[in-house]
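The values are calculated or read from the model by the stated rules, or taken from the named source; none is laboratory data. Remember, it's a predicted structure, so these values are computed and weren't measured experimentally. Reconstructed Cβ throughout: ideal geometry from the backbone, glycine too, with neighbour counts over all protein chains shown.
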Amino acid sequence: MALREVIQDYLGLAFSADLSQIARCTCAEIGVDSLRLEAFGSLWDVRRDGVYLGGTLEEGPKGVLISMYLSRLSEMDMKLLPFKSFKELPNSMPYQDAFKARAEMILVPHIFKIMKNFDKILERLKGEDAKGLLNGDISFIVRPFPKIALAYIFYLPDEDFPASATCLFSNNAHQFMSTDGLADTAEQTSKVIISML
């Protein structure tokens, strides 16, 4: 199935609910027959016919994830702590190797640039420094979706160990998206971080 069809299926599910309910459950804003959602550090306009960024139709992975997020309505608030590793999420076993490679390992070559662009990353992704809350030489929390937070922990290389990157999820992230969707959310967030370096 093409991504466009997947997006349309999720949007059909999302827009079967009242706009005010969708907005309340997902922390989106109501527009004229549309929703405006902050995701992956950008403002997206979502209508029944598609997901748009600056007037351009998004038919890639971000469009799928945004429509997926909007289709899973929950009155629950985000619970940040304690963070969960990917392997602690339900049914994560089939995705663990891909998650490590696509969400964590892709960041390792960029650790020093991430340090240099720390403030810019946090500003764009509604983040905060996690020093004192999490270990690591660098750690921060970002919010790819209003109700889903990711914590990144980085260790710099030394004489005994190579550099490393770890991505954790807010405690109840699985209430707002499926496990495979969360893996893709982390991958897309890591790519946004790299694009800012």
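Please specify each residue of region 44-61 satisfying the condition of being part of a strand (DSSP E or B) and either at pLDDT below 95 or under 17 Å from I148 (Cβ atoms) (or both).
Residues satisfying the conditions are W44, V46, V51.
Please work out which one of (1) free of Cβ contacts under 8 Å to residues at least 60 places away in the same chain; (2) within 30 Å of A14 (Cα to Cα); (3) part of a loop (DSSP other than H, G, I, E, B) is the condition F161 fails and give its number.
It is condition (2) that F161 fails.
What single numbered condition from (1) without any contact (Cβ under 8 Å) to a residue 60 or more places away in the chain; (2) closer than 30 Å to T166 by Cβ; (3) of a type outside the set (S, T, N, Q) fails to hold for R4?
(2)
Against the conditions (1) more than 26 Å from R24 (Cβ to Cβ); (2) not assigned by TED's automatic domain parsing to the domain that holds K191, where does S92 fall short? Just the number, please.
(2)
Inspect all residues belonging to region 25-32 and state whether any of them is exposed (fewer than 14 other Cβ atoms within 10 Å of the Cβ) and either in the same structural domain as L182 (by TED's automatic domain parsing) or modelled with pLDDT under 95 (or both).
Yes, the conditions are met somewhere in region 25-32.
Within region 156-179, take every residue that is touching a Pro at 6+ places or on another chain (Cβ under 8 Å) and not aliphatic (A, V, I, L, M) and give me the one that is surrounded by the fewest Cβ atoms within 10 Å (Cβ to Cβ).
Only one residue fits best here, namely N171.
Which residue is modelled with the lowest pLDDT, if the candidates are limited to region 33-43 and must be outside any strand (DSSP E or B) and either surrounded by fewer than 19 Cβ atoms within 10 Å (Cβ to Cβ) or aromatic (F, W, Y) (or both)?
The first filter runs over region 33-43 and keeps only residues outside any strand (DSSP E or B), leaving 33-34, 40-41.
Checking the rest, the ones that are also either surrounded by fewer than 19 Cβ atoms within 10 Å (Cβ to Cβ) or aromatic (F, W, Y) (or both) come to 33-34, 40.
On the way: D33: 86, S34: 93, F40: 98.
Taking the candidates together, the pick is D33.
Identify all residues within region 1-30 that are part of a loop (DSSP other than H, G, I, E, B), within 30 Å of M196 (Cα to Cα) and either hydroxyl-bearing (S, T, Y) or in contact with a Leu (Cβ under 9 Å, 6 or more places away or on another chain) (or both); write none if there are none.
Just the residues of region 1-30 that are part of a loop (DSSP other than H, G, I, E, B), to begin with: 1-2, 15-18, 27-28.
Pick out the ones that are also within 30 Å of M196 (Cα to Cα) and you get 2, 27-28.
Those that are part of a loop (DSSP other than H, G, I, E, B), within 30 Å of M196 (Cα to Cα) and either hydroxyl-bearing (S, T, Y) or in contact with a Leu (Cβ under 9 Å, 6 or more places away or on another chain) (or both): C27, A28.
What are the residue pairs meeting all of these: first residue in region 93-105, first residue at pLDDT 95 or above, second residue among the acidic types (D, E) and surrounded by 17 or more Cβ atoms within 10 Å (Cβ to Cβ), Cβ atoms under 6 Å, and 6 or more apart or on different chains?
R102/E187; A103/E187
Listed residues I141, I153, I106; which is surrounded by fewer than 20 Cβ atoms within 10 Å (Cβ to Cβ), in a strand (DSSP E or B) and not assigned by TED's automatic domain parsing to the domain that holds V64?
On the way: I141 fails: surrounded by fewer than 20 Cβ atoms within 10 Å (Cβ to Cβ); I106 fails: in a strand (DSSP E or B).
Of I141, I153, I106, the one residue that is surrounded by fewer than 20 Cβ atoms within 10 Å (Cβ to Cβ), in a strand (DSSP E or B) and not assigned by TED's automatic domain parsing to the domain that holds V64 is I153.
K84 - would you say it is surrounded by fewer than 19 Cβ atoms within 10 Å (Cβ to Cβ) and basic (K, R)? Write out each step before concluding.
Working: surrounded by fewer than 19 Cβ atoms within 10 Å (Cβ to Cβ): yes; basic (K, R): yes.
Answer is yes for this residue.
For region 189-196, indicate whether the set of residues that are at pLDDT 95 or above, assigned to a helix (DSSP H, G or I), surrounded by 19 or more Cβ atoms within 10 Å (Cβ to Cβ) and touching an Asp or Glu at 6+ places or on another chain (Cβ under 9 Å) is non-empty.
yes
How many residues are of a type outside the set (A, V, I, L, M, F, W, C) and in a loop (DSSP other than H, G, I, E, B) if we restrict to region 164-184? Break it down stepwise before answering.
To start, the set of residues in region 164-184 that are of a type outside the set (A, V, I, L, M, F, W, C) comprises 164, 166, 170-172, 174-175, 178-181, 184.
So of that shortlist, the ones also in a loop (DSSP other than H, G, I, E, B) come out as 170-172, 178.
Summing the residues that are of a type outside the set (A, V, I, L, M, F, W, C) and in a loop (DSSP other than H, G, I, E, B) in region 164-184 gives 4.
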